[in-house]
Amino acid sequence: MKKEKKIILAIDGPAGAGKSSAGKLAAKRLGFTYLDTGAMYRAVALAVKESGVEIDEEYVSKILPHLDIELKDDKIFLNGVDISSKIRTPEMDLLASSVSRLKCVREFLGRLQRSIGEKGKVVAEGRDMGTVIFPDAAAKVFLTATPEVRAYRRLKQLKEKGVVADYDELVKQIKERDIADSTRDIAPLKPASDAMVLDSTDKDLNTVVNIIVDFSKKQFEKLEH
Ligand code: DC
């Protein structure tokens, strides 16, 4: 039996493709809740770092039940503490990618993500939203851009936050993360078969958001007929 589609916009794609900026604006325009799942992996990464445990199923699975992760007003809280700026560093980029390979972490966060998406009207952004977490999302977008453009965007983002980074190093890290994220065993990064693939390399944010919102509205309208 075919599953009923949900009023969810799933945006997946590699780091720096513009998913967060586009996702936030699309959520605002659609009047939906914005779900930043990358921030959740980063929160687990920070907890792993602070507790000093090894990145291993056995150790990490023990700390997960003690983590209360909450997304509120574009901020992320870990056990009640606002960690929004702490999780946006090159170190956390790599650590989040490492913890995201663990099955216990994917299951733990997957449950949390599904419970938030249950009621629909959500823009869910990450790597496996359209493929694993919300396969029945009515609108799926896979957003990409060249590694060089993505590194440049990340450099700008970091600069705005006062974090100094090296462009060449960022290109290298982005390429490494692409390989790690798309070749891992569980929930690798790939477009869902029914996703619209959108290359943002030569498009400004406004154009990308317009394309995504128009596409989503059309997909959601189809559900009404
Ligand atoms: O989108 P981001 O850069 O904040 O994500 C951080 C890391 O988390 C990224 O390397 C891959 C991982 N991630 C994931 O595996 N699945 C998701 N749904 C979201 C992020």
- Estimated vicinal HN-Hα couplings, Hz - region 12-20 in sequence order (Karplus 6.51, -1.76, 1.60; Gly, Pro = x): 10, x, x, 4, x, 6, x, 4, 5
- Task: Report Rg(Cα)/(2.2 N^0.38 Å) for the chain, keeping two decimals.
- Result: 0.98
- Message: Just to verify a number: what accessible area does Ser51 come out at with the full protein assembly present, 1.4 Å probe, Å² rounded to tens?
- Response: 60
- Cut-off under 5 Å, modelled amide H: who pairs with Ala137 long-range: Lys6
- Message: Going by amide H atoms built from the backbone, whose H comes under 5 Å of the H on Leu198, apart from near neighbours?
- Response: Phe142, Leu143, Thr144
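Give me the percent of DSSP beta bridges within the chain that run antiparallel, rounded to the nearest 5. Intermediate values should be presented prior to the final figure.
Working: 6 of 24 bridges.
If I count the DSSP bridges inside the chain, around 25 percent turn out antiparallel.
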- Task: Using Cα pairs closer than 8 Å and at least 6 residues apart in sequence, work out the relative contact order for region 20-146, in percent.
- Result: 35
- Query: Using θ = phi - 60° and the Karplus curve 6.51 cos²θ - 1.76 cosθ + 1.60, what whole-Hz ³J(HN,Hα) does each residue of region 21-28 get, with Gly and Pro shown as x?
  - Reply: 4, 5, x, 4, 5, 5, 4, 4
- Message: Can you give me the accessible area per residue for the chain, using a 1.4 Å probe, in Å²?
- Response: 52
- Task: Work out the FRET efficiency for Lys28 and Asp185 from their Cβ-Cβ distance, taking R0 = 30 Å, and round it to the nearest 0.05.
- Result: 0.25
- The ³J(HN,Hα) series, computed from each phi in region 82-96 with the Karplus coefficients 6.51, -1.76 and 1.60 at θ = phi - 60°, rounded to the nearest Hz and given as x for glycine or proline, is 6, 10, 3, 7, 4, 8, 9, 10, x, 5, 5, 3, 6, 5, 5
- Item | Descending Cα extents along the principal axes, region 1-58, whole Å | 41, 35, 20
- Message: How far apart, in nanometres, would the label points at Asp73 and Thr207 be if each is projected 7 angstrom from Cα along the Cα-to-Cβ direction?
- Response: 3.6
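Before anything else, pin down the relative contact order of the chain: Cα pairs under 8 Å, at least 6 apart, normalised by residue count, whole percent.
With pairs under 8 Å counted, the relative contact order is 34 percent.
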- Message: Per DSSP helix of 4 or more residues, -39500 (n - 2.57); summed, then divided by the residues of the chain. What does that give at 222 nm, rounded to the nearest 500?
- Response: -15500 deg cm²/dmol
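The values are calculated or read from the model by the stated rules, or taken from the named source; none is laboratory data. Everything numeric here is computed off the predicted structure, so don't read it as measured data. Note: ideal-geometry Cβ built from the backbone for every residue, glycine included; neighbour counts use all protein chains shown. Just the protein is used for accessible areas: all its heavy atoms, side chains included, with ligands, DNA and RNA removed. Shrake-Rupley method; radii C 1.70, N 1.55, O 1.52, S 1.80 Å.
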